[in-house]
Amino acid sequence: GENVEQHPSTLSVQEGDSAVIKCTYSDSASNYFPWYKQELGKRPQLIIDIRSNVGEKKDQRIAVTLNKTAKHFSLHITETQPEDSAVYFCAASDNTGTASKLTFGTGTRLQVTL
Amino acid sequence: EPEVTQTPSHQVTQMGQEVILRCVPISNHLYFYWYRQILGQKVEFLVSFYNNEISEKSEIFDDQFSVERPDGSNFTLKIRSTKLEDSAMYFCASSARVPYNEQFFGPGTRLTVL
């Protein structure tokens, strides 16, 4: 089955700096890669996703890149703000079968300091 | 904006007791999921459900677990005889379509087994 590795486990940046979180996946059949933000005690919230036919996607301060050959994808947050502090999870799905599951990475705790 | 809802928010039970966790997916969604998250760990897939039957289940989803869609709005997860290691946050999620299924998560039920 799919295995998703995520690094780093913790990341501390100063406000205004950029943050990069990296994930690798094992199953070449995976073709959908969402990123979720989870604040303490809250639900995971989808913040951006990318499909395997796209190499990069951007939404304001957030961007995701995908390298299918290397089986890795990354989340980039620019101009970080204190409200970006949360745990970020990457995930992968192969979208086969009737209802495709998400396989999550182990999470990155991002701390944005003033 | 429609959201997935879950009840109760917190359930405390004694080992060996049965619990039912309830979810109301987003109304026009057709694909339903249960995930769990042990404190401080990643989100893990339990089961997916479509067209009134299980699509896929993980190794965690053993005979002690069952899911049901008893009516047109609710989606339930039952644990027949809870164990200490079942203590976790249980998230329901729903999706309108596959492939490239954007899954939206509920707020979770924190299950504590004593």
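Annotations
- Both radii come from the Cα set of the protein assembly as shown: Rg as radius of gyration, Rh as Kirkwood radius; their ratio Rg/Rh reads 0.97.
- Heavy-atom accessible surface that B and A bury in contact, both chains counted, 1.4 Å, Å² to 100: 2100 Å²
- Candidates B:G72, B:G40, B:G16: whichever shows maximal mean-square fluctuation once chain B is modelled as a Gaussian network with Cα springs under 10 Å: B:G40
- Nearest-0.05 FRET efficiency for B:K78 and A:E56, computed from C-beta distance (R0 41 Å): 0.45
- Selection among B:S66, B:C23, B:S87 by position relative to the dipole of chain B gives B:S87 as farthest towards the positive end (Cβ unit charges, Cα centre).
- If you take the Cα centroid of region A:61-114 and the Cα centroid of region B:1-71, the two points sit 23 Å apart.
- Restricting region A:32-114 to GluC sites (Glu not before Pro) in coil, as DSSP defines it, with at most 14 other Cβ within 10 Å: A:E39, A:E79
- Heavy atoms of B:M15: accessible area, 1.4 Å probe, square angstrom to 10: 110 Å²
- If you run the Gaussian network model on chain A, springs between alpha carbon atoms under 10 Å, then out of A:D84, A:D49, A:D59 the most flexible one is A:D59.
- GluC sites (Glu not before Pro) restricted to DSSP loop in region B:46-114 with at most 15 other C-beta within 10 Å: B:E59, B:E102
- Exposure rank, largest accessible area first [B:R97, A:R51; 1.4 Å]: B:R97, A:R51
- Spatially proximal aspartates and glutamates relative to A:K22 (Cα-Cα < 13 Å; intrachain offsets below 8 disregarded): A:E5
- Amide H to amide H distances under 5 Å link A:S85 with A:V112, where only residues 5 or more positions off or on other chains count and H is placed in the peptide plane.
- FRET efficiency estimate (nearest 0.05) - Cβ-Cβ, A:S12 to B:E85, R0 35 angstrom: 0.65
- For chain A, the carbon plus sulfur part of the accessible surface works out to 45%, probe radius 1.4 Å.
- The H on the amide N of A:S12, modeled in the peptide plane, is under 5 Å from the matching H of A:Q111, each at least 5 residues off or on a different chain.
- The residues of region A:10-114 present an accessible area of 47 Å² per residue when probed at 1.4 Å with all protein chains retained.
The values are calculated or read from the model by the stated rules, or taken from the named source; none is laboratory data. Treat the numbers as computed from the prediction; the structure is a model and nothing was measured. A quick note on method: Cβ atoms are made from the backbone with ideal geometry, for glycine too, and the neighbour counts reach across all protein chains shown. The accessibility values were calculated without ligands, DNA or RNA, using every heavy atom of the protein model including side chains. Shrake-Rupley method; radii C 1.70, N 1.55, O 1.52, S 1.80 Å.
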